[in-house]
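S.K.: I'd like to ask you about the structure that follows.
The values are calculated or read from the model by the stated rules, or taken from the named source; none is laboratory data. The structure presented is a predicted model; accordingly, all values stated were derived computationally and were not measured. No Cβ is skipped: glycine too gets one built from the backbone with ideal geometry, and neighbour counts run over all protein chains shown.
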Amino acid sequence: MHIASYLSSLMQMSRLVKKSPSVCTDLPLNSSDVCNKLRLMKELLKSSYGPTARLKQVHNNIGGAVVTTSTSSVLLQAISSSHPIVSLIKGSILNHVSRFSDCGLFASVFCLSLIEEAGRCDLSQNVIIRVNKHLLSLCTAHLQQEDCGCKVQLDFCSSQSLITLARSVISSKPTCVLSEPESAHISRLAVQAFLLTVPCNIPDKVRLGRTVTIPMEGHSVLESAVFPGLLLDTPENISLGNLCSPLRMVLFSASLAGDLSELGDGRIEVHQGVDTDSQIVDQLLELGKQVLKDEVKLFVCQKVIHPVLQHYLRCNGVIVIERLGISLMEPLIQLTGAQPVATLHTTVPWEAYGEVHVSVRPFGSKTKLHLHPAGKTTICTMILCHRNETMLSELKLVCQKTEHVLRLTLREPCALLGGGCTETHLAAYVRHQSKNDVSESSPVLGCSQTEYLLAGEAFCRSLESVATSLEHDDGASLIDLTHAHHWTLPSDATEEHLEDAAALCGCGVVQSCQNKKWSYLNTEYAEFSPEPLLTASPLQPTVLDSFTAKVNALEVAVETANLVLDVRYVIQDVN
Amino acid sequence: MLEGVVINSRQHVGLQKLSALSGRIRSSVGPFKNYKFIQDESSGDSVLVCSCFRIIENLEPTCAVGQLVYETVRGHHKQYHTGSGCLLFLAGGWSRAALDSLRRGISVKHIITAMSEGIDICLDVCKKFSVSFKDLAVMEKCTAAPGGTKKASTDASIEMANFHDKCLSKSGQRKVKLSRHFCEAKSDMLSTVRHPDQPDMIVIAESLSHGCEKAMKLAVEAAQMLLKTNQQRIRDPLFDISKMLTCLVSGLPEDYACVVEGCILLLSDEQAAAAHVVKQQPLKVALITGDLSQTYRHLGFKSLPGEQCVCEDLDLSVSSKEDEWVDKVVKLLLNLEVKLILTAGLVSQKVIQHCCRHQILVVEKVNSSVLKTIGSSTGAIPVNYATQLTESCVGDGVNVEIWRDLSSYERKSLTAVNISTGRSSGLVTVVVTSCVHGKLQALEDQFWACAYRLYHALKDRALLPGAGGAELLCVHQLQKQAEHDRVKDSKTGSAANLYRGLVLQLMADGLIDYIAAVMVNTGRFTAANARTIVSKQLTEFHRDEISTEKFLQLVSQSKREDAGFSAVKPDEAPALNIYDNLSVKQEAWRKALDLVLLVLQTDAEIITGTGQKNEGNLMLL
């Protein structure tokens, strides 16, 4: 045995191994391996969807940090698959999330459901792709309509609807572990921060400001706060004693550490006896002298400042802040009007200086330097507090997402009903529309009427399955047969007790009443046209979704699913 | 490659891990702790640990749940230095409650709602039954009035009293007499020590010592010394804990532990020689935040990898760069007449030698808060490099005293010096001693736990009934609520509150388990025995419908000694009230529940990277 294996290894060594040919797989979606992977991915993402989601622990099994989350951006980034189809889906959803922040899980669950449903109904891929495209345009056209039943106009006269929107986003992530008053507090702060970033006097070009988030571990969530301007970490025992505001400030983007890092890896030859270090320090001190002469009182550097220069400046009454970090550079430039100086080898031009008011603000055990301009500013700082690191990091993610969602409302001042109601409404609408236009549409799409209806059913079921995914505790999902809103029935309640068990629909607009008819979401029901809600006062939904993000997510999901369905061969280089 | 572990919902693996991990510290909760050896099988190293935090720290949990636990406990310990065991134990107890609820078919959503309500009840109980300092002060008067004096029980407290009669007030408010020494205090230099509503710190401290009487004695002494030195500046009864330092000395018996004003540092042989020269005279001091060596560069400095030195003529007489640098530094120091250098970083051997030759004392690895305090009281400005030093950076008026020569106790010579500033720098060092080197860490931890307990008590200005009292009250309240839900359910015929009642009952069981574990650890009860006593106590509670005042009375009478909750051994007579910290306990409970809820809601692990681990339930994507 031993000799044999030794010989074979010898033979292998002497042989020149040719590159193995690429592997071509026909119809990848027919392989059970791929189907299993897609199903696993769907389960993973589906179970992370919504405010009662199950969380995932992401770690690398060799002692790295553990992240507990249900956020699509983190989850998808953690997924790295050997199969190109999984990577394709992951890539396109991540791209959506990077542009809109919200609805990543919606898009993934919908996309994967579409692929799964397409495999279930026995139709040719081409037909499904064409019908999907057609129905998508039907949906988007409906959503753009003024009288669309699942859309609400946002009222900018009051902050109420904005707060509701913010709260829906914030409470959709259970890792934050927020109580009712806490999530209300954070939603208010998010809206407050958003409003602070909108400029008051509008020039020809509106430019939104920035919210800088500072996480602080170990404090109660209710201590979180928003401040206009910037809060920076300060060196200890700073005294503003005899400094009169506003202060002149200078901002360096170049490292003032005293090294020659900009030389890169190049070689440098020096004569013996030449002390490069002290020469650079002299150069730095020269810079310090100039800055002092120009009466600068606040000296900020993105990177490290040499201790000698720091000491020199501090002794001369200048506030020195180093290691600002790249993320704070842009807000600081906007706030102060300073131009970042990228070199230490020329004198600082007068135009590069900025001006800012400074005060000291204690927060918890730390002291922060509060920078704010004389007039209005669109830069604000949000201090987020939570009891532990895991919850705090998720809260930070969620708040950044909320900021983005609120900004999107400026583009399209409306929102969609949340809690799965938009999905059930769209499904009912599409089902109704496709029944009505079957005779006209099927010839255009080049398929039979039955094929059209079957593919349409698959599309609607996929939409409804997203609404069903919101429930994780074995409860049943229902649709009411008048307004087509989404209802959940807890697992321990029976249908007779529906009125008691589910008093309100998913988005909180419709109240249950005796003569309402319901149907389970995974069963068939007679198609109907969802009735609009006729109320005198404007709708007051308790859960809202971002309109812009959801419409885009819908498109991304259908297009990605169509692309995956269209894949005929997978060619893999196995070398 | 992604792998997912799917956790079976009824047999939640994560919760089981959490419960198992908390089982490791079962014998370490409460005042009676056993030492444990934790051994590293691969290297053969072992450590002696005592506190729950050190156990978890040294176990180095690698699983995802374990890391979450460690992160939480570390965060708590960093802030409070006490209560980690309570946190971890309850996380385990409540994860078992969650597991039990799952097993009975209660949905995750319901468990979360019910448990959140449960913790609200518990925190509410804590708030309601906490004993404010005002009440304590009143209670002190009451207890002191009828019996006259309480007899001081141990020599320790007499010793303590001997010390305190120098610094305690004779303000008329104070009636409690712990010993006759106390009443005869004649000192009036510190009449502002006590606020009218402020109970005696010693009484508070004793009731918070939780079995670490010696450590608490040190903590009180240190706290009062800090208060005394800072008295002129602030009239705040809260001491500045950042001015408290510890110095660990092995080889001395534990009884040698003491509190010293100033900053005690250990020196080597060479340094000691220099110290003997400069002692007992006001010195000029320089403070360095970096290392004291030629190769040291500040953080963030990137040295050039490709720097080459070009010589035009060969000169063999040139001394090394380091020698040049050392000469330069020493010359500078001599010019500035600096006699003492304190550095936060390390000092190269060469510098120490040169400095000692010139009778300059160099001390390395000095706590940065020491640098700050000495800086602010002498006017010295800490600098990064020695070459940066100028006249204005140098502080004046520091005293170095040889505190102890410890050479005789250890083979290598060791001298402890006390560095202090004449104008009371406000630093206080607690010297922790032990003959067993491995025990020092545990003793230091005990001291800090006591110091922080005292600190938080003064900060909260309220205490929580201890010795299981708060837990018992919570159990009582939770059970009452559960019973209430059950009655309501049977009346209305609905099952809406059924789950809640059940979960609350299970949460109460977790707390009972904690009390029982603490009692068992005292070694005087068997597990069954402890539970019987707890349930007896509970039925008493249920029967009399206790109110706040009644409970306070109960506490003040300390009649619960016979129930055996107290940490005091039965043969030691004095009836002592035992208290816990309010904020620490509340925070620990809340963090424990946070942990349980996070793990409860987690249904899968995503393992990234290529870590090879063959488990049955892994799925690859």
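S.K.: Look through B:I112, B:I56 and report the one residue that is of a type outside the set (K, R), over 17 Å from A:R387 (Cα atoms) and more than 12 Å from chain A (Cβ to nearest Cβ).
M.R.: B:I56
S.K.: Still on this structure, please answer the following. Scan A:V274, A:V291, A:V300 and give me the residue that is assigned to a strand (DSSP E or B) and either more than 8 Å from chain B (Cβ to nearest Cβ) or of a type outside the set (S, T, Y) (or both).
M.R.: Numbers: A:V274 fails: assigned to a strand (DSSP E or B); A:V291 fails: assigned to a strand (DSSP E or B).
Answer to the check: A:V300.
S.K.: Still on this structure, I have one more. Which of the residues that make up segment B:115-133 are within 14 Å of another protein chain (Cβ to nearest Cβ) and crowded, with 20+ Cβ neighbours inside 10 Å?
M.R.: Result: B:M115, B:G118, B:I119.
S.K.: Can you pull out the residues in segment B:591-608 that are part of a helix (DSSP H, G or I) and either among the acidic types (D, E) or within 7 Å of chain A (Cβ to nearest Cβ) (or both)?
M.R.: Residues of segment B:591-608 that are part of a helix (DSSP H, G or I), as a first pass: B:591-601.
Passing the criteria: B:K591, B:D594, B:L597, B:L598, B:Q601.
S.K.: Test A:L453 against the stated conditions and say whether it is aliphatic (A, V, I, L, M), closer than 25 Å to A:H486 by Cα and surrounded by fewer than 24 Cβ atoms within 10 Å (Cβ to Cβ).
M.R.: Working: aliphatic (A, V, I, L, M): yes; closer than 25 Å to A:H486 by Cα: yes; surrounded by fewer than 24 Cβ atoms within 10 Å (Cβ to Cβ): yes.
When the stated conditions are applied, A:L453 passes them.
S.K.: In segment A:138-152, which residue that is in a loop (DSSP other than H, G, I, E, B) and either in contact (Cβ under 8 Å) with a residue 60 or more places away in the chain or closer than 20 Å to A:Q192 by Cβ (or both) is farthest from the chain's Cα centre (by Cα)? Spell out the reasoning first.
M.R.: First, the residues of segment A:138-152 that are in a loop (DSSP other than H, G, I, E, B): A:145-150.
In the following step, the residues that additionally are either in contact (Cβ under 8 Å) with a residue 60 or more places away in the chain or closer than 20 Å to A:Q192 by Cβ (or both) were identified as A:147, A:149-150.
Numbers: A:D147: 29, A:G149: 27, A:C150: 23 Å.
Within segment A:138-152, the match that is farthest from the chain's Cα centre (by Cα) is A:D147.
S.K.: From the list A:E499, A:E531, A:E527, A:E555, which one is in the same structural domain as A:H83 (by the TED database), in a helix (DSSP H, G or I) and at pLDDT below 85?
M.R.: On the way: A:E531 fails: in a helix (DSSP H, G or I); A:E527 fails: in a helix (DSSP H, G or I); A:E555 fails: at pLDDT below 85.
Just one listed residue meets the conditions, A:E499.
S.K.: If you don't mind, there's one more thing I want to ask. Looking only at strands (runs of 3 or more DSSP E) that fall completely inside segment A:6-114, which ones have 3 or more residues that are crowded, with 20+ Cβ neighbours inside 10 Å? Explain how you work it out, then say what you get.
M.R.: On the way: elements: A:23-26, A:55-59, A:67-69.
Answer list for segment A:6-114: A:55-59, A:67-69.
A quick yes/no check of all residues on (1) under 17 Å from A:P373 (Cβ atoms); (2) among the hydrophobic types (A, V, I, L, M, F, W, C):
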site: A:P246; (1), (2): yes, no
site: A:L251; (1), (2): yes, yes
site: A:L292; (1), (2): no, yes
site: A:L298; (1), (2): yes, yes
site: A:H311; (1), (2): no, no
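S.K.: Let me ask something else about it. What's the number of the condition B:V277 fails, among (1) more than 34 Å from the chain's Cα centre (by Cα); (2) within 14 Å of another protein chain (Cβ to nearest Cβ)?
M.R.: (2)
S.K.: Could you list, in sequence order, the residues of segment A:96-133 that are among the polar types (S, T, N, Q), over 22 Å from A:T409 (Cβ atoms) and away from every other protein chain (no Cβ under 14 Å)? Steps first, please.
M.R.: Initial filter on segment A:96-133 (among the polar types (S, T, N, Q)): A:98, A:101, A:108, A:113, A:124-126, A:132.
Now restrict to residues that are over 22 Å from A:T409 (Cβ atoms): A:108, A:113, A:124-126, A:132.
A:S113, A:S124, A:Q125, A:N126, A:N132, listed by residue number.
S.K.: Give me a count of the residues in segment A:153-166 that are assigned to a helix (DSSP H, G or I) and touching a Lys or Arg at 6+ places or on another chain (Cβ under 9 Å). Can you show your working first?
M.R.: Filtering segment A:153-166 for residues assigned to a helix (DSSP H, G or I) gives A:160-166.
This time we only want the ones that are touching a Lys or Arg at 6+ places or on another chain (Cβ under 9 Å), so: A:163, A:166.
Number satisfying all stated conditions: 2.
S.K.: What residue, among those in segment B:54-97 that are free of Cβ contacts under 8 Å to residues at least 40 places away in the same chain and of a type in the set (K, R), is farthest from B:L208 (Cα to Cα)?
M.R.: By that ranking, first place goes to B:R74.
S.K.: Could you name every one of the strands (runs of 3 or more DSSP E) located completely within segment B:333-405 that has at least 3 residues being touching a Ser or Thr at 6+ places or on another chain (Cβ under 8 Å)? Let's see the steps before the verdict.
M.R.: On the way: elements: B:340-343, B:361-363, B:395-405.
It comes to B:395-405.
S.K.: Among all residue pairs at least 6 apart or on different chains, which show Cβ distances below 7 Å where the first residue, located in segment B:503-519, is assigned by TED's automatic domain parsing to the domain that holds B:S535 and closer than 11 Å to B:Q481 by Cβ and the second is surrounded by fewer than 24 Cβ atoms within 10 Å (Cβ to Cβ) and of a type in the set (S, T, N, Q)?
M.R.: Once the first residue is assigned by TED's automatic domain parsing to the domain that holds B:S535 and closer than 11 Å to B:Q481 by Cβ and sits in segment B:503-519, its partners that are surrounded by fewer than 24 Cβ atoms within 10 Å (Cβ to Cβ) and of a type in the set (S, T, N, Q) give B:V503/B:S101; B:L504/B:Q481; B:Q505/B:Q479; B:A508/B:Q479.
S.K.: Which ones in segment B:332-352 are under 12 Å from B:L292 (Cβ atoms) and of a type in the set (S, T, N, Q)?
M.R.: Answer for segment B:332-352, where residues must be under 12 Å from B:L292 (Cβ atoms) and of a type in the set (S, T, N, Q): B:T343, B:S348, B:Q349.
S.K.: Another question, if that's okay. Name the residue, out of B:D291, B:D236, B:D269, B:D315, that is modelled with pLDDT under 85 and either within 13 Å of chain A (Cβ to nearest Cβ) or crowded, with 19+ Cβ neighbours inside 10 Å (or both).
M.R.: Numbers: B:D291 fails: modelled with pLDDT under 85; B:D236 fails: either within 13 Å of chain A (Cβ to nearest Cβ) or crowded, with 19+ Cβ neighbours inside 10 Å (or both); B:D269 fails: either within 13 Å of chain A (Cβ to nearest Cβ) or crowded, with 19+ Cβ neighbours inside 10 Å (or both).
Result of the check over B:D291, B:D236, B:D269, B:D315: B:D315.
S.K.: Within segment A:141-151, is even one residue among the aliphatic types (A, V, I, L, M) and assigned by the TED database to the domain that holds A:L454? Steps first, answer last, please.
M.R.: So the first thing to find is which residues in segment A:141-151 are among the aliphatic types (A, V, I, L, M), and the list is A:141, A:143.
So of that shortlist, the ones also assigned by the TED database to the domain that holds A:L454 come out as A:141, A:143.
Yes, some residue in segment A:141-151 is among the aliphatic types (A, V, I, L, M) and assigned by the TED database to the domain that holds A:L454.
S.K.: Scanning segment B:64-79 for residues that are among the β-branched types (V, I, T) and facing another protein chain (nearest Cβ under 9 Å), which turns out farthest from A:I62 (Cα to Cα)? Working first, answer last.
M.R.: Quick first cut of segment B:64-79, residues among the β-branched types (V, I, T) only: B:65, B:69, B:72-73.
So of that shortlist, the ones also facing another protein chain (nearest Cβ under 9 Å) come out as B:65, B:72.
Numbers: B:V65: 14, B:T72: 19 Å.
Residue satisfying both the conditions and the ranking: B:T72.
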